[in-house]
Amino acid sequence: MIYLACVLLGGGVLLAICAPLFRRDSAVESAILEETEWDLLQRKKEVILGNIQDLDFEHKCGKLSDADHERIRGELAGEFAAVLQQIDDIEKAQDLDALIRREIARRKNQPSPDVKRSCPSCGHSNPAANKFCAECGAQLKS
C-alpha cells in the first residue's frame, strides 16, 4: 500500500514538473510569427558586421596573416553585400508603411528625451526618463 502511494505521489510530481514542457503556448508562437524576414536579415547584417570587426581586431593583434585576413574579409564583405541586397529587395517589395507604423508605435511608448520634469522637492529639471531627482534623490511623480 505504501509503495502504491509513493508511486502515485512520484508520478504526480513528475507530471507537474513535465507538464509545461508539453503545453502549447500561443503567446510564444505569435511572438515568433511577428518576427519577419526583414528582422532576421537585419540581425544577420549586425552579426556579419560584428564578425568583420572581430576579424580586423584579430588581424591587428597578429593572429591572422595578411593573406588570410584579406580572403576572409572578402568573403564576409560578399556575404554582407548579399544581405543588404536582400533587405533592399524586401523593402522595395513590401509595404513600408507597416514598418513605419510599428516603429512610430514603439517610439511613442518611450518618453522623449526633450521632455523635462521638475522635482517636487528642490525644483531641479530632470529628464522624463528619470524616476528620481538627479539633484536631491527625491522620487519624481510619473
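Each Lys and Arg adds +1 at its Cβ and each Asp and Glu adds -1 at its Cβ; summed about the Cα centre, segment 34-108 shows a dipole of about 360 debye. Amide H contacts for Arg117 (H built 1.01 Å from N in the peptide plane; partners 5 or more residues away or on another chain; cut-off under 5 Å): Asn126, Ala128.
Distance between the pseudo-spin-label points of Lys116 and Val7 (7 Å out from Cα toward the beta carbon): 7.6 nm. Annotation: extensible slack from Asp39 through Phe132 equals 30.0 nm (criterion: 0.36 nm per residue apart, minus Cα-Cα distance).
Bear in mind these aren't lab numbers, they're just calculated from the coordinates by the rules spelled out. On a predicted model such as this, the values are computed, not experimentally measured, just so you know. For neighbour counting, all protein chains shown are included, and Cβ atoms are generated from backbone atoms with ideal geometry for every residue, glycine included.
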